[in-house]
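The values are calculated or read from the model by the stated rules, or taken from the named source; none is laboratory data. All figures in this text were calculated on a predicted structure; none of them were measured in a lab. For neighbour counting, all protein chains shown are included, and Cβ atoms are generated from backbone atoms with ideal geometry for every residue, glycine included. Heads up: the accessible areas ignore ligands, DNA and RNA and are worked out on the full protein's heavy atoms, side chains in. Shrake-Rupley method; radii C 1.70, N 1.55, O 1.52, S 1.80 Å.
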Amino acid sequence: MAVIVALGAFLMTLAGGWTAQRVTDRRHLVLGLAGGLMLGVVGLDLLPESLHAAGRKVFGVPLALLLFVAGFLIAHVVERLLAVRQAAHGAENGARVPEVGLTAASAMVGHSFADGVALGAAFQVGGGMGVAVSLAVITHDFADGFNTYTLTRLYGNARRKALMMLFADAVAPVLGAVSTLLFTLPEEPLGAYLGFFGGALLYLAAAEILPEAHHKHPALSTLMCTVGGVAGIWLVVGLAD
């Protein structure tokens, strides 16, 4: 059953990427929506799940929060190092580094694989849990596909690479669900990963996606797309509960 649901997630991921491709003339709205979706996924889905699964404290701070901060800082450090390397090779000041987009998209693929693993683990717990997680995974995989394509293209990568990353992101939850047929997943490592990934994703949303969305088009419609993205994820999380 988990594998069948993961096939639905595969289709929803592709649908999200297809939507991102078709609105090139409204790029600022796409970025505003993507930033809102990413913020909603992190704050309303990933972080609460990671705190629940990996809530033990390390020197007074929950492990999930430590990894959340680590993910944010590492994303910042990686982007700065890649930008310095690009500048050393003659890139214009402020130019976006394609490798950052590919790294971010790869992290999205890893997250989608974890989605599939979580899906399989939920069905191991019971049918009710499986249905709830299925709703959340299938719905927010649309956002994953949307964000994977947008992130890859935002940093100057060719459309072909963006499509490759989109397809990898679509396949990842299926592979994750299949993998749970072979083992029972410990809860804490999954929670730790979600915390780390949430920090990296928040950095990309706050430091890159949202500033770019408002750079040339500081319109109310862009802001409303961001708010709508957060509200959409809130609705998904509420329905899943």
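Some points to look at:
- For region 134-209, projected area of the alpha-carbon convex hull averaged over all directions, nm²: 5.9 nm²
- Heavy-atom accessible surface of region 22-84: percent carbon and sulfur, 1.4 Å: 70 percent
- Full extension of the chain between Trp18 and Glu187 gives 57.5 nm of extra length, using 0.36 nm per residue less the Cα-Cα distance.
- Peptides 141-152, 160-171, 59-70, 109-120 ranked from most to least packed, by the mean per-residue count of other Cβ atoms within 10 Å: 141-152, 109-120, 160-171, 59-70.
- Our note on the geometry: Cα centres of region 172-193 and region 6-24, 23 Å apart.
- Cα gyration tensor category, rounded, prolate or oblate, for region 1-44 with a/c compared to 1.5: oblate
- With the biggest extent put first, the Cα atoms of region 1-80 measure 49, 41, 21 Å across the principal axes.
- Peptides 177-184, 229-236 ranked from most to least packed give 229-236, 177-184, packing being the mean of other C-beta atoms within 10 angstrom over each peptide's residues.
- Counting only protein heavy atoms and a 1.4 Å probe, region 143-195 has 43 square angstrom of accessible area per residue.
- The order of the peptides 30-36, 48-54 by mean Cβ neighbours within 10 Å, most packed first, is 30-36, 48-54.
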